[in-house]
Structure formats: structure tokens, C-alpha cells
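Below is one structure; the comments refer to it alone.
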Amino acid sequence: MSGIALKAVVAVSILAALALFAIAPAGAAGEPFRAAAVAMVAISLWSTASLSIGLTALVFVLLAILAGVPLDTVFAGFQSSAFWLVFGGIVVGVAVRHTGLGDRIVGVILAKLPRRYWLVLTGIALAAAALAFVMPSTFGRVVLLMPIITAMADRLGFAPGSNGRSAMVLTAAFTSFLPAGGILPALVPGVVMAGAAETLYGITIGWGEYFIVNTPVGGLVRGAMVVALMVRLFPAEVGTRAGPESMPAATRPERFLGAILLASLALWCTDTLHGISPGWVGLGAAIVCLWPGLGLVPAKTLNSGLDVGSLFYVVGVLGMGAMISGSGLADALAGTMLTLVPLGAGSFQDVFALHLLAIVLAMFVTSPALPAVLTPLADTFANATGLPVFTVLMTQVIGFSNVILPYQAAPIVVALAMGGVGVGPAAKATLLLTALTILIVLPLTWLWWVAIGLV
């Protein structure tokens, strides 16, 4: 979409919001109108990336307050453990980069790759998946992986613009995002959805159950699909390769950070046993990483080295979800969507329809904003289908971790720019991946959910 078209979308949204404000009745009857106006402006800014996600969140906060939304609703995100999970992920990401542990993880995997094209791509996918467990920031994973991927492409004889190089870059970009949807701290929309579920319904989504529900099909199958599709779309042969570079022994900060990450992962995996929320585990890991004298993060990281924009984004999106639910707008939206989406025809049809709704809606509101729109509607969809609210919530995951076109996920756009791959080849791949997801992944997901008793 051109810059002029993006500006037109924002302008139309602002005009529509002003019209909603103008026709909104006074008092409580006008709350859905005012909430819709504020949400419309925020979603259009997030969707078009006209402003940074953090600045858009601040715009939402100001507009919501001016529209009379209660402060405890606007700032509901601060009360959610999801905020602290994102905070912990950002700090851990800084530590992974600062200590060099991320380079070591990727280097170990890539140095072991045999000279077979599909195995090279498989190794890249495994490296991205490994980083998703220890580095919750998708942007951080992409920024860490891309220089290594391009250097590896040079060693394998893949020049800029070649099929092999494009496949390596796209594999790293897609597997940093798509399969990570099944790992709760690894994709911000998942954390936002979990936080909104806790805020709106009192449902605490554990790391372990989230992983079991979403990773076997949504993670493993889609990861394999990415590799197979790249081999098909970008055929190539591995060329002459230099020997692997020697790697120095792990430093004390690397070993210490590795122990912190393993302990955090163990606590996340066993949260159903000890009952500690993933957010508080993430906060504890962040505090240890920030502790003076350990050398795990640069000095003054807490003052100037953190991505506060992502934190504001979480607060803004969770606040918008609470506003949509509390204002009555969610009920109005649900009524409209229920007329468009056939529900109540049976568990397979209902689950498939909700998955498809999330996939299509993400194209218009982008992946980050999807949980803010759908989570407040989960109880209405649950009543219409007879499915548990938790099951309805899980139908969002494939939606916000799928990409019909690259613009939906900013980390993928950044990866393309860093790897020197055009949007055209990437869009062809994302469209085919979406088609395969609908035809293969959605039916397999329903079968898996039947097997584990989710439907």
C-alpha cells in the first residue's frame, strides 16, 4: 500500500471517529460510540504504522481519557501480568545480545549444518525456534539472526538476489514469527491476549497449556511447511563452503544467563504445578539480569536501554480491550460478526470459522491489534458455539501468528530490509503459506484439539 493510501486510511478513520463523537448520545448510551471512535483511530494508526506502536499507544491513552473512559480501564494493562512478561522479555533480550549468548546459540546450530540445501534451511528454522524460547522479543531475534544468516549465505556461495539467499532470509523471518505463536512470551499478541483474558474473564493462561495447545500443529507443522515451501519456491544448490569458525569458550556471564534462562523455562513449563504466573517469572528473571555487578546487561539499561515503546503498546492494547468490553461496544461488534460468521453448526465448523475470522481480520487490523478486537468478544462467541471461552481464545493464535501479506508483521518487514529481499517474493510466500494453513493446519488443529479434549 502506497504512502498516500496509508494517509488516506488514517484520514478516513479520523473523520469517521469525529462523526461518531458528533452523533454519540450523552451519558452511558454514548459510551459504545465514543469507544468505537477511539478504537478506530488507534487501530488505523497501528495498522498503517503511521506512528510507532508506542506513540500510538500514548495517543490512545490520551483520547480515551478525553472521551471519558475510566482511568482504571485505560490503565488496566499495568495490572496484568502480561505487562511484566513483556518487560522481562525485553530485559532478557538485552542480556542475550549483550553477553553474546544469542550469537553462540545460533552459531552452534549453523556450524553443524551439512551441505544439503533443505537441511541448511531446517537448521535456520531450528535456530529461530531455539531463540524463541530464550529471547522473547521477535524484533530481537530478527536483528540477531539476519547478520548471521547473510554471512552464512556468503559462505555457502549464495550471492545477493540469489534463490538460496532469499530462501535463507525468508526462512529466518517466517520461523521467527509464525511458530513462535505457540510460545507464550515469544510473540507480543499472545501475551496481550493472555493479559486481556486475565483482565476480562479472570482466566490465567499458563505457559505449559498454551504450548501444548498451539505448538504441535501451529508450531511444528507450520515450521516444516515454511522449509518445504522455501525449497520449492527458491530451488538452489549449496556451493563451496568455508570451514566453520572456531568459537571461544563460554564466558561467565553467558553461563550465568544460560542458567537463568533454563530456570525460567523450567518454571514456565511447570506453572500448572506451582501456580506462579509467567509474568512474575519473567519479572524475576529481569531483576536478576539487571542486578548490579553481574555484567548481564549494559550499565544504566533500566534508565535508557529498554524498548519502552513495546511496554506502552502492551498497556495501550490491553486498555483498549478493556474499553471495548466495558463500554458495550464488544456486544455490538459481536452481534454484527455473528451475522457474518456462521456459528453453532458443530465444533469443527465453529472452530474453523473462528480461525478463519482471526486470519482475515488480522489482515485489516494487523497482528498486534487483533487480540484487542477479538478477546472482548470471546464470551459472546462461546455462548453462540457452546465452546469454552478458553477454546475460543485459542482460535486467535493462528490468526495473529499468520501473515497474509508482510506488512501485517513489522518484524518480518525489518527482516526483509536487513536481508535484502523484496516484498514481492515475500508476499508470494506468505499468500501460499496462508492457503496451506487454511487447507492443512486448521483441520489438523481441530483433530489435535479433539485429541487433547479442548473441543
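Computed from the coordinates by the stated procedures, all read-outs in this text should not be read as laboratory data. Just so it is clear, the structure is predicted and the values come from calculations on it, not from any experiment. Because the Cβ atoms are built from the backbone with ideal geometry, glycine has one as well, and the counts that use them run over all protein chains shown.
Mind running the shape call on the range 86-242? Use the C-alpha gyration tensor, a ≥ b ≥ c as the square roots of the eigenvalues: rounded below 1.5 for a/c, prolate if a/b tops b/c, oblate otherwise. Since a/c reaches 1.5 and a/b is larger than b/c, the shape of the range 86-242 is classed as prolate.
Counting only DSSP H runs of at least 4 residues, each contributing -39500 (n - 2.57), and dividing by the residue count of the chain, the helix-based mean residue ellipticity at 222 nm comes to -22500 deg cm²/dmol.
I'd like the orientation of helix 81-99 relative to the chain: the angle between its Cα long axis and the longest Cα principal axis, in ° from 0 to 90, rounded to 10. Orientation of helix 81-99: about 20 degrees from the principal axis. Compute the separation of the alpha-carbon centres of the range 155-176 and the range 57-108 and state it in Å as a whole number. Rounded to whole Å, the Cα centres lie 31 Å apart.
Counted by neighbouring Cβ atoms within 10 Å, the residues TYR117, TYR313, TYR201 run from fewest to most as TYR201, TYR117, TYR313. Please determine, in degrees from 0 to 90 and to the nearest 10, the orientation of helix 308-326 with respect to the longest principal axis defined by the Cα atoms of the chain, where the helix direction is its Cα long axis. The angle comes out near 30 degrees.
Among VAL360, LEU405, ILE43, whose Cα lies farthest out toward the positive end of the dipole of the chain, if unit charges sit on the beta carbon of Lys, Arg (+1) and Asp, Glu (-1)? The listed residue farthest towards the positive side: LEU405.
Can you pull the one-decimal nm distance between simple spin-label points at LEU66 and SER304, each 7 Å off the Cα toward Cβ? Placing both labels 7 Å beyond Cα along the Cβ direction yields 3.3 nm.
Listed from fewest to most Cβ neighbours within 10 Å, the set HIS274, HIS98 follows the order HIS274, HIS98. Full extension of the chain between ALA26 and VAL59 gives 9.6 nm of extra length, using 0.36 nm per residue less the Cα-Cα distance.
Could you tell me which of rounded, prolate or oblate describes the range 306-455, using a ≥ b ≥ c as the square roots of the eigenvalues of the alpha-carbon gyration tensor, with rounded for a/c under 1.5 and, failing that, prolate when a/b is larger than b/c and oblate otherwise? Here the range 306-455 falls in the oblate category.
Sorting SER310, SER166, SER52 from the fewest to the most surrounding beta carbons within 10 angstrom yields SER52, SER310, SER166.
Principal-axis analysis of the Cα atoms of the chain puts helix 410-419 at an angle of about 30° to the longest axis.
Computed from backbone phi with θ = phi - 60° and the Karplus coefficients 6.51, -1.76 and 1.60, the 3J(HN,Hα) list for the range 54-69 is x, 5, 4, 4, 5, 4, 4, 4, 5, 5, 5, 5, 5, 7, x, 5 Hz; x is used for glycine and proline. The phi torsions of the range 346-352, fed into the Karplus equation with coefficients 6.51, -1.76 and 1.60 and a -60° offset, translate into couplings of x, 4, 5, 4, 5, 5, 4 Hz, rounded to whole numbers, with Gly and Pro shown as x.
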